[in-house]
Amino acid sequence: MSKKKLTAEQNGELLKVLKNRFEKNMNRHKGLTWEKIHSKLEAAPEKLWSLNAMEETEGEPDVVDYDKKTDEYIFFDCSPESPKRRSLCYDYQAWDSRKANKPESNVIDKTTEMGIELLTEEQYRQLQELGKFDLKTSSWVKTPANIRELGGAIFCDRRYNTVFMYHNGADSYYAARGFRGMLKV
């Protein structure tokens with residue numbers, strides 16, 4: 001059995017959780033129906049594995065959009081605070097450059113392991129239109145190459161009813177900073 005495949009029982013449990021979350025948060029996906037999403041998910045076991053990885057780290061993945069051009073449903077981590085994948089520097093280069101107190105890993109490697117993508121600043125702002133997220137935490141977002149080449153990385157949060165984008169050294173890490181992922185199905 002492939003490492004990136006759930007058992008039939010795990011699939012059933014995850015689909016139940018995703019359906020309940022979908023039904024409780026209809027404001028996130030107006031005009032979409034669970035039946036179509038369910039069919040797509042059942043046909044993509046590797047995507048279910050990735051959604052399960054998001055769920056296991058308390059990301060609370062939910063459908064936030066549908067891309068008509070590609071016929072794909074878009075899931076974001078929708079947990080109120082940054083998911084329980086924190087204390088990570090931005091990428092391997094930043095992790096490798098730390099001589100002392102290295103964190104467990106880095107955001108880019110974790111997203112790759114999970115089979116998801118890091119939210120961009122634009123996607124993060126789209127998420128914030130659906131509710132209030134990261135009121136006490138912050139989340140790394142995809143950093144433009146020109147910033148990363150200079151050693152920096154960007155993160156976002158919501159304070160004072162406003163979404164802020166900030167910068168930090170890519171090698172920094174904090175217990176209250178994680179990352180939010182995105183998956184297309």
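Of all the criteria given as (1) closer than 18 Å to Glu72 by Cβ; (2) assigned to a helix (DSSP H, G or I); (3) of a type in the set (A, V, I, L, M), the one not satisfied by Leu14 is (1).
From the list Ser139, Ser97, the lone residue that is at pLDDT below 95 and among the small types (Gly, Ala, Ser) is Ser97. Within the range 138-157, restricting attention to residues that are open to solvent by 30 Å² or more (accessible area, probe 1.4 Å) and under 18 Å from the mean Cα position of the chain (by Cα), the residue that is farthest from Ala53 (Cα to Cα) is Pro144.
Lys36 satisfies every condition listed in (1) closer than 23 Å to Gly131 by Cα; (2) without any contact (Cβ under 8 Å) to a residue 40 or more places away in the chain except (1). Within the range 3-11, identify whether any single residue is over 21 Å from the mean Cα position of the chain (by Cα) and β-branched (Val, Ile, Thr), and answer yes or no. Within the range 3-11 (the criterion being over 21 Å from the mean Cα position of the chain (by Cα) and β-branched (Val, Ile, Thr)), the answer is yes, since at least one residue qualifies. The numbered conditions (1) at pLDDT 95 or above; (2) part of a helix (DSSP H, G or I); (3) open to solvent by 20 Å² or more (accessible area, probe 1.4 Å) are all true for Ser50 except (3). List, please: which pairs have Cβ atoms under 7 Å, are six or more places apart or on different chains, and start with a residue in the range 110-122 that is of a type in the set (D, E, K, R) and end with one that is open to solvent by 40 Å² or more (accessible area, probe 1.4 Å)? Final answer for the pair search is Glu121/Met165. With respect to (1) of a type outside the set (Phe, Trp, Tyr); (2) assigned to a loop (DSSP other than H, G, I, E, B); (3) without any contact (Cβ under 8 Å) to a residue 60 or more places away in the chain; (4) open to solvent by 30 Å² or more (accessible area, probe 1.4 Å), the lone exception for Ala175 is condition (3). The condition (being at pLDDT 95 or above, open to solvent by 30 Å² or more (accessible area, probe 1.4 Å) and assigned to a loop (DSSP other than H, G, I, E, B)) is satisfied by just one residue among Lys30, Lys5, Lys69: Lys69.
Annotation: Ala100 fulfils all but one of (1) without any contact (Cβ under 8 Å) to a residue 12 or more places away in the chain; (2) surrounded by 13 or more Cβ atoms within 10 Å (Cβ to Cβ); (3) under 28 Å from Asp171 (Cα atoms); the unmet one is (2).
The values are calculated or read from the model by the stated rules, or taken from the named source; none is laboratory data. Here the structure is a predicted model, which means the values were calculated and not measured. Virtual Cβ from ideal backbone geometry, glycine too; neighbours counted across all protein chains shown. When the accessible area is computed, the model is the full protein with side chains, heavy atoms only, and any ligands, DNA or RNA have been set aside. Shrake-Rupley method; radii C 1.70, N 1.55, O 1.52, S 1.80 Å.
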